[in-house]
Amino acid sequence: MYADLRFSGSSVFTLGFATSDSPIVTFLSFSEALLGLVLVALLMAYLPTMYSAFSRREQAVNMLEVRAGNPPNPYDMLSRFHRIHGLDKLAEQWKIWEIWFADVEESHTTLPALVFFRSPRSDNSWVTSAGAVLDTAALTLSSIDIPNEMSAALCIRAGFIAFRRIADYFDISHPQNPTYPETPISITREEYDEVIRKLEAAGIPIKPDHEKAWKDFAGWRVNYDRVLLVLCTLVMAPQTPWSSDRAPKFKLPPLFIPKKKHKH
């Protein structure tokens, strides 16, 4: 047994100090040596790919803190842009985050371990940062009295598609095509009104019909509300307003069992 293990180890780790005169054993030895090289090559390619995707994700998360505070929130992002750049400059952010959502969707379903890679800082999370961007876009479209910027709508669409596909990978249930008010959202009217009052106090133009603005905001938020909250639970995101602070408590599905063998 020891001799067999010694020979196998010599082959798989490509050390080559153990030999045999048997053709079959020699063939198996070369096969194991090749397998060892393939494993090393896969690791050399796989780990840099994962780190590259993680680095791209976290660069945007860190940059968002400059614009949206920590924890990130729509009020800080809108008021800071209004004060420094002008609200018309938000269009650039929607395009950046639309690309970010597409990248995260591809990388986090191809390499699902990335979902659980936490930010270097414990008070940051890619999920809550994305949620803050989506809420800012929803408020901009529904409540801010500026010309409609369709790139904000595309950003929201890219966001909820990415969230849903990541949730689908882990077989976490969520509404497929939710509409408001048939499907409620986790944000209350009081919470919405409080943010609107703060935005008005900061000099940001607000649409005069508050009732319609609220319904429009809820109509955007319902697309990602549930899936945002369950992903916050999945990654155990730090406390953040309008996302992880109201994430549901539920038993997460087993991660390494075929999807059809467990139910929610």
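Please treat every number below as a calculation from the coordinates, not as lab data. Not measured: the values here are computed from a predicted model. Methodologically, a virtual Cβ is constructed for each residue, glycine included, from the backbone with ideal geometry; neighbour enumeration extends over all protein chains shown.
Each 10 Å bin, from zero up to the one with the longest distance, holds this percent of the alpha carbon pairs of the stretch 147-186: 24, 44, 29, 3. A 28 angstrom limit on the alpha carbon distance is what I want to check against. Which of K95/K249; K212/K249; K89/K212; K89/K249; K198/K249 exceed it? Distance filter (> 28 Å) returns K95/K249; K212/K249; K89/K249; K198/K249. When each of the peptides 137-144, 190-197 is scored by how many other beta carbons lie within 10 Å of its residues on average, the order from highest to lowest is 137-144, 190-197.
In terms of its C-alpha gyration tensor, the stretch 53-261 has a prolate overall shape, because the principal axis ratio a/c (a ≥ b ≥ c, square roots of the eigenvalues) is not below 1.5 and a/b outweighs b/c. Charge tally for R197 (other residues, Cβ to Cβ under 12 Å; Lys, Arg +1; Asp, Glu -1): -4.
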